[in-house]
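Please treat every number below as a calculation from the coordinates, not as lab data. Since we're looking at a predicted model, the values are computed, not measured. All Cβ positions, even for glycine, are placed from backbone atoms using ideal geometry, and neighbour counts span all protein chains on display.
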Amino acid sequence: MVGADGSRSVVRVAIGARYEGAPGGRPNVNITFRSQQLAALLPERAAIHHWVLNPAASGVVGPLDLDGTWWAIATGTESIADEAEAISLVRALVGAEIDVEILATDPWRARLLLADSYGSGRAYLAGDAAHQNPPWGGHGYNTGVGDAVNLAWKLAAVLNGWAPPELLQSYEAERRPIAQQTIDFAATNMKMLSVDLSHSSLMGTGPDADAARLAVAAAIQLGKRAEFHSLGLVLGYGYGPDSAAQAPAGDIYLPQAKAGNRLPHARTAEGRSLFDELGPEFTVLGSTDDARRLYQALADRGVPAVHLDAVAHGFAPDDVPALALVRPDQHLAWVSSDGSLPDDPEPIISAALRGFMTTASL
Ligand SMILES: Cc1cc2nc3c(=O)[nH]c(=O)nc-3n(C[C@H](O)[C@H](O)[C@H](O)COP(=O)(O)OP(=O)(O)OC[C@H]3O[C@@H](n4cnc5c(N)ncnc54)[C@H](O)[C@@H]3O)c2cc1C
């Protein structure tokens with residue numbers, strides 16, 4: 001059983017796991033609305049986020065489509081009594097008496113919570129049931145999808161009998177540190193919100209207000225960079241002791257073909273993606289007889305795998321590891337240091353079927 005049942009997870013309670021961390025955070029209300037006049041007020045095309053730094057009404061506004069549906073976050077607002085209040089909040093954020101049709105309102109608070117257990121045996125947690133991030137940086141859903149991708153192939157492997165049950169223990173060992181890292185990152189982003197940046201000096205006209213706006217624009221570019229440039233955090237994490245660490249700020253993704261890391265992506269000259277060529281379960285990458293030998297050893301053990309000679313499929317030899325074993329979740333189970341396979345591939349396969357055990361508790 002997988003409890004993917006969100007922050008109030010009954011499965012989490014049932015298995016005796018607890019959220020740890022800080023439940024607090026500032027109140028916010030999300031408002032989804034329609035307006036035909038709002039787009040015309042924006043200088044060019046609508047951006048994904050428009051940060052409103054008016055101390056009388058601060059928050060964020062952005063488009064949900066290009067057809068007049070919008071979202072707004074009123075930061076610091078506890079709740080909304082009725083539709084009239086929602087309409088006046090939107091108009092205050094936008095700074096104009098535009099047409100507003102309210103579709104939904106939704107109060108929420110940012111939380112920094114991580115379950116002390118991701119489950120064991122026959123019951124596991126995934127997604128917000130296991131962790132809650134502040135949304136600043138937009139990583140809650142990513143992290144949940146990463147959990148599902150990690151857990152699903154392991155459940156299939158154990159239930160179909162081609163991996164030992166201890167493979168499932170590696171789910172928590174691999175995913176919980178990633179959630180912790182993501183929560184820490186989002187918590188840093190939460191330190192500078194529109195309420196922190198807003199100031200009456202920004203609202204006037206004339207050279208002083210212009211200078212204040214320029215100064216805060218520079219502060220935003222500096223302080224909010226990590227929130228919007230986080231590929232290192234999202235794609236760059238690895239599992240296990242041999243994975244290569246990324247830049248601490250998380251903004252730069254350095255693809256590295258190391259065991260535990262995501263397989264570095266590559267394309268052929270015609271634009272075909274390496275990820276599209278991988279098998280649905282394990283993939284042996286390599287052109288040599290050793291690659292065929294590793295594939296055969298997996299097949300002999302009943303482990304579903306495909307053999308991909310990527311170079312023969314048009315990928316440049318420098319873009320793909322010479323010999324590697326790729327897991328179903330596109331992480332590298334094993335990478336040959338010199339392109340060859342040891343005489344006995346059994347320890348490599350056994351290790352791949354146990355996952356990367358990294359936490360002391362295991
Ligand atoms: C303002 C805001 C902005 C966000 N922006 C981003 C973003 O840009 N990028 C990002 O990656 N994430 C973002 N997130 C986070 C993201 O929304 C969540 O992390 C994600 O929705 C969690 O997905 P989930 O499936 O784990 O849980 P949920 O979406 O909570 O789904 C759980 C489901 O389980 C159901 N359920 C609960 N109990 C039971 C039960 N007993 N029986 C049956 N069903 C049950 C619920 O009805 C629900 O449908 C944001 C969150 C907020 C609040």
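Details
- Residues in segment 27-47 reached by a label modelled at PHE228 [backbone nitrogen below 20 Å; 7 Å Cα→Cβ]: 39-47
- Put simply, the C-alpha atoms of segment 1-127 give a gyration tensor, and the ellipsoid matching it has half-axes of 37, 16, 13 Å, longest first.
- Net length gained if the chain between ALA351 and MET192 were fully extended (0.36 nm per residue, minus Cα distance): 52.9 nm
- Straight-line reach from LYS191: taking Cα to Cα under 24 Å and skipping same-chain neighbours fewer than 8 places apart, the lysines in range are LYS224.
- Residues with amide H under 5 Å from that of VAL52, placed H, sequence gap 5 or more: GLY59, VAL60, VAL61
- Between the amide H of GLY6 and those of ASP128, ALA129, distances stay under 5 Å, these residues lying 5 or more places away or on another chain, with hydrogens modeled in the peptide plane.
- Anisotropy class of segment 236-298 from Cα gyration tensor, a/c 1.5 cut: oblate
- Spin-label model, ASP289 to ASP99: label points 7 Å out along the Cα-to-beta-carbon direction sit 7.5 nm apart.
- Rough spin-label spacing in nm, given labels placed 7 Å along Cα→Cβ, for LEU64 and ALA244: 4.2 nm
- ASP344-VAL158 FRET efficiency (beta carbon distance; Förster radius 30 Å; 0.05 resolution): 0.80
- Backbone geometry of segment 309-321 corresponds, through the Karplus equation with coefficients 6.51, -1.76 and 1.60 at θ = phi - 60°, to 3J(HN,Hα) couplings of 8, 5, 5, 5, 8, x, 8, 5, x, 6, 8, 10, x Hz, x marking Gly and Pro.
- Taking 0.36 nm per residue of separation and subtracting the current Cα-Cα distance, fully stretching the chain between ASP184 and ALA217 would add 9.4 nm.
- Segment 243-362: C-alpha gyration tensor shape, a/c 1.5 cut-off, then a/b vs b/c: oblate
- With both labels modelled 7 Å from their Cα along Cα-to-Cβ, the SER117 to VAL13 distance reads 1.7 nm.
- By the combined test of axial Cα extent (at least 18 Å) and Kyte-Doolittle hydropathy (mean at least -0.5), the qualifying DSSP H helices of the chain come to 140-159, 207-223.
- For the chain, the Rg and Dmax computed from alpha carbons only, in angstrom: 24.5, 77
- Rounded to the nearest 20, the size of the Cβ-charge dipole of segment 165-208 about its Cα centre is 60 debye, with Lys and Arg at +1 and Asp and Glu at -1.
- Contact order relative to length of the chain, as percent, for alpha carbon pairs under 8 angstrom and 6 or more apart: 14 percent
- Burial order of peptide ranges 332-338, 102-108, 40-46 (average beta-carbon count within 10 Å, highest first): 332-338, 102-108, 40-46
- Relative contact order, percent, segment 243-362 [alpha-carbon distance under 8 Å, six or more residues apart]: 26 percent
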